[in-house]
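Report on one structure; see the data block that follows.
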Amino acid sequence: MKKLISVLLAGILLLGLTACGAQKPAETTAANAIPGTEDGILTVGMECAYAPYNWTQATDANGAVPIVNNPGAYANGYDVMIAKKICQANGWELEIMAIEWDGLTPALNAGTIDAVIAGQSMTEDRLAEVEMAGPYFYASIVCVTKAGSQQAGATGISNLTGTCTAQSGTIWYESCLPQIPGADIQTYSETAPAMIMAVESGTVDFICTDMPTAMGACATYPDLTILDFTGTDDDFQVDEGEINIGISVAKGNTALKEAMDSVLSGMTAEDFNKIMDEAISVQPSI
């Protein structure tokens, strides 16, 4: 009987040790989780109003994702498509929050969101506030005006005259427009749609933006045309790092930055352009 009891106790002890051992990998996984993704969810902030990078729609058509702080609404666009690729590669669930442009970095620093994927340029000022993964799109600076207007025949920025604007908090407004000798710079537009409406309505003669935003605008308003001076001697002078588009994460969260870079580094400019073309093809009217 004593021998039987001893065998049973040994078995119970072995089962206990096995159970404890089974818990260790889970504990180790939690301990090694990338900051912000411990719950298996990547919460991404974007305007959800900046086509073709991101927008709001009424259904989940074309792979749209629910907006957690706007029940019944869905986010889609290039930023959402890139976010989904990053999450799929890392086994994370994607969560989208709609946040106004000027509130994105504060929300990131407050820990409300884990990342900003919102068409942000990788400027020196922004890099002083956050870590940035990417680029996840290689942008170029262009202008948009009405087809048939005086500005439509411009072959360089020195030919541009008249009133103009761009979105607030962007290199377009702060750095590019001041380079145009004949520019009559008006008050900035709060959002990209407001900027586009300014030129469409005739409030200004032209706007300055990046190529994807310009393409999205022209897809909605066929009477607009793009002025692209890339490759000429009469183009905007900008640092390539200032115009490429990156993903913001909290300062010091290099683990999350590296996890994103590991996905983006395996993609080419052609891959990015293909996804952007897809986004433009399904975007709603701006």
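Averaging Cα coordinates gives a centre for region 225-286 and one for region 95-169; these two points are 10 Å apart. For Phe236, the accessible surface of its heavy atoms amounts to roughly 10 Å² (probe 1.4 Å, protein chains only, rounded to the nearest 10). Here is how the number arises for the chain: DSSP H runs of 4 or more residues each give -39500 (n - 2.57), the sum is divided by the residue count, and the result at 222 nm is -11000 deg cm²/dmol.
If you add up the charges near Leu127, with Lys and Arg at +1 and Asp and Glu at -1, over every other residue whose beta carbon is less than 11 angstrom from its beta carbon, what do you get? Write out the running numbers ahead of the final one.
On the way: positive: Arg126, Lys251; negative: Glu124, Asp125, Glu129, Glu131, Glu242.
Around Leu127, the surrounding residues sum to -3.
Would you work out what percent of the accessible area of region 236-286, with all protein chains in place, is carbon or sulfur (probe 1.4 Å)? Display every interim value, and only then the final one.
Values: 1170 of 2470 Å².
Ligands and nucleic acids excluded, carbon and sulfur give 47 percent.
The string of couplings for region 212-226 from the Karplus curve (6.51, -1.76, 1.60, θ = phi - 60°) is x, 5, 5, 5, x, 5, 5, 5, 7, 10, x, 7, 9, 9, 9 Hz, one whole number per residue in order, with x for Gly and Pro. In this structure the amide hydrogen of Val130, modeled in the peptide plane, comes within under 5 Å of no amide hydrogen from residues 5 or more places off or on another chain.
Each Cα pair under 8 Å and six or more residues apart adds its sequence gap; the mean of these over the residue count of the chain is a relative contact order of 24 percent.
Would you check the chain for Lys pairs whose C-alpha atoms are within less than 20 Å, ignoring same-chain pairs closer than 8 in sequence, and give me the count? Counting lysine pairs in the chain gives 4. Our coupling estimate for region 231-248, obtained by passing each phi through the Karplus curve with A = 6.51, B = -1.76, C = 1.60 and θ = phi - 60°, is x, 9, 7, 10, 10, 5, 9, 9, 6, 3, x, 7, 10, 5, 9, x, 10, 8 Hz, Gly and Pro reported as x. At q = 0.09, 0.10, 0.12 Å⁻¹ the log10 of I(q)/I(0) for the chain amounts to -0.48, -0.56, -0.76, computed by Debye summation with a single uniform scatterer per C-alpha, solvent ignored.
Under a 5 Å amide H cut-off, with hydrogens placed 1.01 Å from N, Leu227 pairs with Cys143, Val144, Thr145 among residues at least 5 apart or on other chains.
The values are calculated or read from the model by the stated rules, or taken from the named source; none is laboratory data. Because the structure is a prediction, the values reported are computed rather than measured. Note: ideal-geometry Cβ built from the backbone for every residue, glycine included; neighbour counts use all protein chains shown. Ligands, DNA and RNA are stripped out before the accessible areas are found, and what is left, the full protein with its side chains, is counted by its heavy atoms. Shrake-Rupley method; radii C 1.70, N 1.55, O 1.52, S 1.80 Å.
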